[in-house]
Structures are given as C-alpha cells and as structure tokens.
Amino acid sequence: MMNSRRKFINKLGFVPFFLKTAANNSTVIKPIVISTWDAGIRANVKAWEVLSKGGSALDAVEQGVMVTENEKSCCVGLQANPDRDGKVTLDASIMDHHFNCGSVAFLPRIKHPISVARQVMEKTPHVMLVGSGALQFAVQSGFKLEPDTLSPEAQQHYETWLKESLYKPTPNIENQTNYPKVSPNNHDTIAMIAMDSFGNMAASCTTSGMAFKMSGRVGDSPIIGAGIYVDNNIGCAAGTGQGEDSIRIGGSQRIVHYMEQGLSPKLACKKAIEKIIAIKKEQAKNIQLAYIAFNKKGEYGGYALQKGFTFALYNKHTANKLIDAPFLI
Ligand code: SD4
C-alpha cells in the first residue's frame, strides 16, 4: 500500500495537496496525554487506557483526573484541605475540540466535580454553575451527596492552621504572611490535556483550590481560558499554581494564542510565565505558577515560574514519564 502510493507520487513528480496532508498527519505524535504534578503519572495511566483503545480525548481527560479525585490529596477532591471555615469546596472544568466547555466552582460534597462539569457542558445551555446552584444541578443529575466531613489528614492540617490563623485579606495580599501561598505541600491540582488518535483534543482540571482560602474563593481551574483552553486547530494548554495570577493574564488561552502565532508549546508557556513576572515584578518570587501545552503536531512543553514543577507525559515514544519543568526564577 505504502509502496504503491510512493510509486504513484514518483510518477506524478510532485506531491498533491491531499496526499501532503495525509503524509503530514502521519508525523503527528498522537495519542498524547500530559498532566500536572507527580499525581499526573497515575492519572495518565487511566487516560492512556482510554486513548489506546481508540477512545476520545474527552473521555480520557475526564476519566484520567477522576483517578486523582479519588486519591488522598492536599488539593484535589473531597479528601483535600478545607477553606478557612473548615469546608472543602471544589472547582473543575472540561473543554472539547468543538469549543464546548463546562465548569463548576465552589461545589461541596460531590466526589467527582469533573463529571458534573461535563454534564454542565453536555446537558445545559450554560458554561459554568457555582455553589448551591451547582450542587442542586449535581444532585438532580444523580450525583451522590457525600458526608460533610473532613478526612482525618485534612482535619489535622486545618487544626494546625487554625492555631496561627491571622487571615485578614487586604488588596496587597503578598504582604500578608498568612495568605495561603502556593508551596510544594499545598499543590497537586490536576490539569490534563490530551489528543486522541483522531486528532481531537480535550482538557480538564479539578482542584479544591488553595488550602484555607476564603469561603467562596474561586481560582483559575474552572475558568475557561485561564485554567484550561483548547483550540483544535492549534493546540491546548492548562495551568496550575496561584490561580489569581493565571486569571489576570488569561494564561491558557494566551498560550494557545502564542502557539497560533508560531511559538513552540514550550516557548508559549515560557512567554506566559514571563508575562506574570512582568506584571508582578518583585512579588513574582513569592508565586508558583506553571503551564503545560501541546500543539496540533503533538509537540509538547511546560514551564514554571519556580523550581519544583513536574508534569507527566504519555505518548507512544516516551511511555509514561515525569518531567521536571524548566523554570524562570
Ligand atoms: C487554584 N490553580 O485554585 C489552583 C491551585 C493549584 O496546585 O493549582 N494548586 O488557584
């Protein structure tokens, strides 16, 4: 088959457009899945299982991050650390290759917020539901209401935090010693991006947000364009870290835009991080923010503001591998 095609091309003396497209398509590295932090390795295993059976990127990114939602984690799912009032509230978002997207924010007592986000996308005319409305929708859609309790670890972390808690939000939050800054032990948000064997992309993100946040606080993770973004003709991106700053720059959409302008995924992520440094100046050293991205060819990259960010990559060449991201500070 391949040989006869080559002979046909040789006879023509040039490569017709339709064959060129097919040839280029064969150099695309797909399927591919990338997710944030060390927990991404376990989430990728599930996502790859879906992708390697010819499943969709959308199913892969939903089922992949559900693994993390089920795990004991500081920052994902119902076992995560609570807000300053002792309540765990969750944010999640999902986006497919047709610009369909759905998200939930400030959602309590539901084990898999990512699946509620998908239902928002598929079953409602809206993109985002929050708080009691999101909970009402979840329960009406058949999701089980879980007990309103903290895991033993979260309870212990909360009690320790309460001892010194002097949380007084001010506009200049970086001067506040008790503002819940992102550090290695309050990190784990999982963001996942994938392309399936049909070349369709999807992204997801799920988190409990910052530990000991103000009640009602919502980060970047459920904000389409900040936490995740997909443009199937270009690529996709997702972020983790101090969500307020990713919202400020529309991080994930910005990265997809940079890729549209011709930057590699790695340089696109780096440029978004540079933007944060440009606007935060000296304060940037107190922030962690990181991004992952890939483009239509399956080329990938990641970049962080600070040392310590890892992302997990799975494609047919690398298998499942954890990568230390380059960083700027
Ligand atoms: C947030 N971006 O709520 C999330 C936190 C995070 O790893 O990524 N933590 O701001």
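Couple of notes before you dig in:
- Screening the candidates ALA226, ALA284, ALA293, ALA237 for the property of being touching a Pro at 6+ places or on another chain (Cβ under 7 Å) and either under 19 Å from ASP38 (Cα atoms) or open to solvent by less than 50 Å² (accessible area, probe 1.4 Å) (or both) yields one hit, ALA293.
- Restricted to the stretch 54-138, the set of strands (runs of 3 or more DSSP E) holding at least 2 residues that are within 16 Å of the ligand (Cβ to nearest atom) and over 20 Å from ALA237 (Cβ atoms) comprises 101-107.
- Selection status of VAL45, farther than 24 Å from MET128 by Cβ, assigned to a helix (DSSP H, G or I) and free of Cβ contacts under 8 Å to residues at least 40 places away in the same chain: no
- The set of residues in the stretch 215-236 that are more than 12 Å from the ligand (Cβ to nearest atom) and farther than 17 Å from ALA312 by Cα comprises SER215, GLY216, ILE224, GLY225, TYR229, VAL230, ASP231, ASN232, ASN233, ILE234, GLY235.
- Condition check for GLY298: crowded, with 17+ Cβ neighbours inside 10 Å, under 17 Å from CYS205 (Cα atoms) and not polar (S, T, N, Q): no
The values are calculated or read from the model by the stated rules, or taken from the named source; none is laboratory data. Only a predicted model underlies this, so the values are computations on that prediction, with no experimental measurement involved. Cβ atoms come from the backbone with ideal geometry, glycine included; neighbour counts cover every protein chain shown. Ligands, DNA and RNA are stripped out before the accessible areas are found, and what is left, the full protein with its side chains, is counted by its heavy atoms. Shrake-Rupley method; radii C 1.70, N 1.55, O 1.52, S 1.80 Å.
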